[in-house]
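**Q** One structure, as structure tokens, below. Some questions next.
The values are calculated or read from the model by the stated rules, or taken from the named source; none is laboratory data. Since the model is a prediction, treat every value here as computed from it, not as a measurement. When we count neighbours, we look across all protein chains shown, and the Cβ atoms used for this are built from the backbone with ideal geometry, even at glycine.
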Amino acid sequence: MKVVERLSSVLNLPAGYRLFRRIVGGESVWRIYLAEYVKPAPGDRTLDLGCGPADVLDFLPAVNYTGLDISPQYIEAAKKRYGSRGRFLCGDVGVATLEAERGNFDLVLATGVLHHLDDAQVTRLFDLARRVLRPTGRLITFDGCYVPRQSRVARWLLARDRGKFVRSEGDYLGLASAHFAKVEPYLRHDLLRVPYTHLILRCSNPVSAGDQQSHGGPEL
Ligand SMILES: C[S@@+](CC[C@H](N)C(=O)[O-])C[C@H]1O[C@@H](n2cnc3c(N)ncnc32)[C@H](O)[C@@H]1O
């Protein structure tokens with residue numbers, strides 16, 4: 001088995017994935033990502049799409065957490081480790097409708113997920129996020145990204161990612177903008193101990209004063 005394939009099968013194990021993240025990034029990646037971009041508040045109703053083993057729970061305040069992932073292994077590990085801290089659902093973001101959760105969430109996360117999905121699946125993820133978010137809610141995404149004049153090491157690593165759909169900033173933005181009126185992109189080249197580029201998107205559909213009144217304003 002080739003080295004890349006062997007690494008990929010180790011990463012499919014929750015413990016292997018956790019160890020790898022610790023080696024290339026450490027806890028500071030979570031801390032910077034959450035403090036500077038996600039800005040979670042205690043009590044936020046949070047949906048984590050492609051949650052993996054739900055490691056983010058080690059760094060989140062006491063939010064109301066639901067994690068969804070396609071991997072039964074990751075979901076089992078999340079339940080074992082964080083059972084009482086949230087709900088953990090096994091399912092495909094491209095198929096899940098979460099119909100009962102319409103307009104329920106303040107925050108949707110898709111951390112390291114878009115680059116695992118083809119354009120049709122990403123479209124369904126954005127569609128799902130938009131439906132389950134409250135009018136004032138936001139979706140935050142975080143993925144590896146190709147940019148011009150990037151370090152060759154970063155490009156080499158991105159090309160060998162387990163996710164087969166690492167995109168350029170423009171391609172990620174194009175997909176997000178089809179579903180969200182406001183998309184704020186942030187490029188970071190400094191989050192890992194190895195050369196790498198991440199793109200973080202903050203996506204929302206800003207509500208006008210009139211909309212706010214009809215959704216949350218006092219009833220007259
Ligand atoms: C790089 S991992 C990120 C995990 C987690 N968000 C984190 O940051 O630790 C990508 C995750 O997306 C999940 N995933 C990939 N395709 C998916 C799909 N179609 N539906 C739900 N989850 C998916 C994988 O199982 C994996 O847990």
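**Q** Looking at the range 137-166, which of its residues are away from the ligand (no atom under 11 Å from the Cβ), more than 17 Å from PRO195 (Cα to Cα) and of a type in the set (Lys, Arg)?
**A** Matches in the range 137-166: ARG138 only.
**Q** Report, by residue number, each residue of the range 92-116 that is surrounded by fewer than 18 Cβ atoms within 10 Å (Cβ to Cβ), in a helix (DSSP H, G or I) and in contact (Cβ under 8 Å) with a residue 40 or more places away in the chain. Walk me through it before giving the result.
**A** Of all residues in the range 92-116, those surrounded by fewer than 18 Cβ atoms within 10 Å (Cβ to Cβ) come to 92, 94-95, 97, 99-104.
Now narrow it down to the ones that are in a helix (DSSP H, G or I): 99-101.
Answer for the range 92-116, where residues must be surrounded by fewer than 18 Cβ atoms within 10 Å (Cβ to Cβ), in a helix (DSSP H, G or I) and in contact (Cβ under 8 Å) with a residue 40 or more places away in the chain: just GLU101.
**Q** Let me ask something else about it. Of all residues in the range 20-40 being surrounded by 13 or more Cβ atoms within 10 Å (Cβ to Cβ) and more than 16 Å from the chain's Cα centre (by Cα), which is farthest from the ligand (Cβ to nearest atom)?
**A** Just the residues of the range 20-40 that are surrounded by 13 or more Cβ atoms within 10 Å (Cβ to Cβ), to begin with: 20-21, 24-26, 29-30, 32-34, 37-38, 40.
This time we only want the ones that are more than 16 Å from the chain's Cα centre (by Cα), so: 20, 24-26.
Numbers: PHE20: 10, VAL24: 12, GLY25: 10, GLY26: 13 Å.
So the residue we want is GLY26.
**Q** Look through the range 110-120, keep the residues that are more than 7 Å from the ligand (Cβ to nearest atom) and touching a Phe, Trp or Tyr at 6+ places or on another chain (Cβ under 9 Å), and return whichever of them is nearest to LEU175 (Cα to Cα). Don't jump to the end; show me each part of the working.
**A** Keep residues of the range 110-120 that are more than 7 Å from the ligand (Cβ to nearest atom), which gives 110, 114-115, 118-120.
Next, only the ones that are touching a Phe, Trp or Tyr at 6+ places or on another chain (Cβ under 9 Å) stay: 110, 114-115, 118-119.
Values: ALA110: 14, LEU114: 10, HIS115: 12, ASP118: 11, ASP119: 8 Å.
Residue satisfying both the conditions and the ranking: ASP119.
**Q** Identify, by number, the condition in (1) within 12 Å of the ligand (Cβ to nearest atom); (2) in a helix (DSSP H, G or I) that LEU89 doesn't meet.
**A** Every condition holds for LEU89 apart from (2).
**Q** Still on this structure: Would you be able to say whether some residue in the range 31-50 is under 23 Å from THR97 (Cα atoms) and either in a helix (DSSP H, G or I) or of a type in the set (Val, Ile, Thr) (or both)?
**A** Yes: the range 31-50 contains one or more residues that are under 23 Å from THR97 (Cα atoms) and either in a helix (DSSP H, G or I) or of a type in the set (Val, Ile, Thr) (or both).
**Q** Here's another thing I want to ask about it. Need pairs with beta-carbon distance below 8 Å; first residue over 20 Å from ARG193 (Cα atoms) and in contact (Cβ under 8 Å) with a residue 60 or more places away in the chain and within the range 8-23, second among the hydrophobic types (A, V, I, L, M, F, W, C) and not in a helix (DSSP H, G or I); sequence gap 6+ or separate chains.
**A** none
**Q** Pull up the range 51-60, narrow it to residues that are assigned to a helix (DSSP H, G or I) and touching a strand residue (DSSP E or B) at 6+ places or on another chain (Cβ under 9 Å), then point me to the one that is farthest from the ligand (Cβ to nearest atom).
**A** First, the residues of the range 51-60 that are assigned to a helix (DSSP H, G or I): 55-58.
Add one more test, that the residue is touching a strand residue (DSSP E or B) at 6+ places or on another chain (Cβ under 9 Å), and what stays is 56-57.
Numbers: VAL56: 6, LEU57: 10 Å.
Within the range 51-60, the match that is farthest from the ligand (Cβ to nearest atom) is LEU57.
**Q** Sticking with this structure for a sec: Confirm whether ALA100 is more than 27 Å from THR197 (Cβ to Cβ), at pLDDT below 95 and near the ligand (Cβ under 9 Å from one of its atoms). Step through it out loud before you land on a result.
**A** Working: more than 27 Å from THR197 (Cβ to Cβ): yes; at pLDDT below 95: yes; near the ligand (Cβ under 9 Å from one of its atoms): no.
For ALA100, the condition - more than 27 Å from THR197 (Cβ to Cβ), at pLDDT below 95 and near the ligand (Cβ under 9 Å from one of its atoms) - is not met.
**Q** Okay, next question. If I go through the range 47-79 residue by residue, how many of them are of a type in the set (Phe, Trp, Tyr), more than 13 Å from LEU109 (Cα to Cα) and buried (at least 21 other Cβ atoms within 10 Å of the Cβ)? Lay out the reasoning, then the answer.
**A** In the first step, residues of the range 47-79 are kept if they are of a type in the set (Phe, Trp, Tyr); the result is 59, 65, 74.
Adding the requirement that they be more than 13 Å from LEU109 (Cα to Cα) leaves 59, 74.
With the extra rule that they be buried (at least 21 other Cβ atoms within 10 Å of the Cβ), the set shrinks to 74.
The total comes to 1.
**Q** Which of the numbered conditions does ARG134 fail, given that it passes all the others? Conditions: (1) within 10 Å of the ligand (Cβ to nearest atom); (2) touching a Gly at 6+ places or on another chain (Cβ under 6 Å); (3) closer than 24 Å to VAL183 by Cβ.
**A** (1)
**Q** State whether the residues of the range 142-154 include one that is among the β-branched types (Val, Ile, Thr), surrounded by fewer than 19 Cβ atoms within 10 Å (Cβ to Cβ), touching a residue at least 24 places away in the same chain (Cβ under 8 Å) and assigned to a loop (DSSP other than H, G, I, E, B). Talk me through it step by step, then tell me what you get.
**A** Filtering the range 142-154 down to residues among the β-branched types (Val, Ile, Thr) leaves 147, 153.
From what's left, surrounded by fewer than 19 Cβ atoms within 10 Å (Cβ to Cβ): 147, 153.
Restricting the remaining residues to those that are touching a residue at least 24 places away in the same chain (Cβ under 8 Å) gives 147, 153.
Going one step further and asking which of them are assigned to a loop (DSSP other than H, G, I, E, B), we end up with 147.
Checked against the condition, which is being among the β-branched types (Val, Ile, Thr), surrounded by fewer than 19 Cβ atoms within 10 Å (Cβ to Cβ), touching a residue at least 24 places away in the same chain (Cβ under 8 Å) and assigned to a loop (DSSP other than H, G, I, E, B), the range 142-154 yields at least one hit.
**Q** Could you please find all residues in the range 163-181 being of a type outside the set (Val, Ile, Thr), assigned to a loop (DSSP other than H, G, I, E, B) and surrounded by 14 or more Cβ atoms within 10 Å (Cβ to Cβ)? I'd like the intermediate steps shown before the answer.
**A** Here is the first cut: in the range 163-181, the ones of a type outside the set (Val, Ile, Thr) are 163-165, 167-181.
Subset that is assigned to a loop (DSSP other than H, G, I, E, B): 163-165, 178-181.
Scanning the range 163-181 gives GLY163, PHE165, HIS179, PHE180.
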